[in-house]
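Participant: Dropping a structure here in structure tokens format, bear with me for questions.
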Amino acid sequence: MTHFAFHLDATDTETAARAGRWETPHGVVDTPAFMPVGTLATVKGLLPEQLKATGAQMVLSNTYHLALRPGSDIVKEMGGLHKFMDWEGPILTDSGGFQVFSLAGLRKLTDEKAVFRSHIDGSLLELSPEKAVKIQEDLGADCIMCLDECPPANDVPEKIKAAVDRTTLWAKRCRDAQVRDDQALFGIVQGGISEEMRTRSAEGLVPLGFPGYAVGGLSVGEAPVDMYRTLDFTVPHLPVEKPRYLMGVGRPEDILEAVYRGIDLFDCVLPTRNGRNAMAFTSDGPVRLRNAVHQRDERPLDPECDCTACTRYSRAYLRHLFIAKEMLGGILLSLHNIAFYQKLVRDLRNAVNSGTVAQFRANQLARWQAQS
Ligand SMILES: [Zn+2]
């Protein structure tokens, strides 16, 4: 694992927040970092250079979706994911497990494997820990994930415990199945919102010596306060010297709260999904561009943002694009929202480095809440 190194530049003295540099085979990621989601090897509507201009250093792609379409064998034949999607920077792929449990028709789950039906054509497919690693090795991302079982947040304790133990068992098998040495394989801590189960999960995974750890199974319907509390008792079990990734989270305030609690890496579909639906995140809180109030609004979307949408267009024009169902609307708002998330993590890095995280968090939350 010589291709990777994680350096902590600063750790906040009042909070658990930290700022670091993560070296990967395809470049450095400054942490805290936000990864835009390119489900099908594309961050919808955006060219790699536009993505890069927002400050994004690393993107995420989904193993389940790519394994179904076009197939990991085709991506491999085409030179791997970086070349295929023309993204030169670091890439992370998830294991496919989350979609098997949430999107596909799960048919049978055993310690050996998950058997499920494709959501595209209904065909019967299998995913085992070994297969999840093989697919991710074919795709060729810099950071790959162990196959985990992600039960619903409100599942009964026995089911949560079984999922934790299966996740640990599968993590060992993933580690043993890994052939390539230029991909960082992360273990995923599960356990719902139970301190006992999260501790059990971390204690099972940390001795396996993964180069980084993810916290999975959050932002799946639990209250934000439960997510933050879960991070409070989970993060201290993770090694200080390794990157920590909170999967699929979240809203700007969730990122703020999670960085505060010592998380380094994030991904979420919100900036792009909301962008396509005319909802923008701004320095003063969310803006819904379909609202009639913006019909003659000459102001930029966010005067503190230097993205193309904010520096070249008025709110009135952006609203018009959505009302007229023009595709540029979704493109510009996706671009802006990603730029907004990148500025947020950049500001957080600066706040850690200057020892002002608690103050930054208080000011930011007050500002967002004042508007909503
Ligand atoms: Zn902008």
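Participant: Taking region 129-163 only, how many residues are open to solvent by 10 Å² or more (accessible area, probe 1.4 Å), not in a loop (DSSP other than H, G, I, E, B) and not β-branched (Val, Ile, Thr)?
Facilitator: 10
Participant: Anything in region 355-371 that is farther than 14 Å from THR15 by Cβ and of a type in the set (Phe, Trp, Tyr)? List them, or say none.
Facilitator: Scanning region 355-371 gives a single hit, TRP368.
Participant: Can you tell me which residue is nearest to MET78 (Cα to Cα) among those in region 89-118 that are open to solvent by 40 Å² or more (accessible area, probe 1.4 Å) and touching a residue at least 40 places away in the same chain (Cβ under 8 Å)?
Facilitator: Result: PHE98.
Participant: Another question, then. Take the residues in region 164-187 that are small (Gly, Ala, Ser) and touching a Pro at 6+ places or on another chain (Cβ under 9 Å), then tell me which one is surrounded by the fewest Cβ atoms within 10 Å (Cβ to Cβ).
Facilitator: The extreme case among them is ALA177.
Participant: Now, a different point. Within region 300-348, track down each residue that is away from the ligand (no atom under 12 Å from the Cβ), basic (Lys, Arg) and open to solvent by 60 Å² or more (accessible area, probe 1.4 Å).
Facilitator: LYS325, ARG346, listed by residue number.
Participant: So in region 279-297, with the set limited to residues that are within 16 Å of the ligand (Cβ to nearest atom) and among the charged types (D, E, K, R), which one is most open to solvent (accessible area, probe 1.4 Å)?
Facilitator: Ranking the qualifying residues of region 279-297, first place goes to ARG288.
Participant: Among the residues of region 216-228, is any away from the ligand (no atom under 16 Å from the Cβ), β-branched (Val, Ile, Thr) and in contact with a helix residue (DSSP H, G or I) (Cβ under 8 Å, 6 or more places away or on another chain)?
Facilitator: No.
Participant: Quick check, is THR272 touching a residue at least 12 places away in the same chain (Cβ under 8 Å) and within 30 Å of ARG229 (Cα to Cα)?
Facilitator: So THR272 fits the description; yes.
Participant: Okay, next question. Within region 245-268, work out how many residues are open to solvent by 20 Å² or more (accessible area, probe 1.4 Å) and not in a helix (DSSP H, G or I).
Facilitator: 4
Participant: Consider region 198-237. How many of its residues are open to solvent by 20 Å² or more (accessible area, probe 1.4 Å) and hydrophobic (A, V, I, L, M, F, W, C)?
Facilitator: Qualifying residue count, region 198-237: 6.
Participant: Can I ask one more? Which pairs do you get when a residue that is under 19 Å from ARG290 (Cα atoms), found in region 303-319, comes within reach of a residue that is open to solvent by 50 Å² or more (accessible area, probe 1.4 Å) and near the ligand (Cβ under 9 Å from one of its atoms), reach meaning Cβ atoms under 9 angstrom, with the pair 6+ apart or on two chains?
Facilitator: The qualifying pairs are CYS310/GLU304.
The values are calculated or read from the model by the stated rules, or taken from the named source; none is laboratory data. Keep in mind that what you see is a predicted model, and the values were worked out from it rather than measured. Ideal geometry is used to build each Cβ from the backbone, glycine not excepted, and the neighbour counts take in all protein chains shown. The protein model used for the area step is the full one, side chains on, heavy atoms only, and it has no ligands, DNA or RNA in it. Shrake-Rupley method; radii C 1.70, N 1.55, O 1.52, S 1.80 Å.
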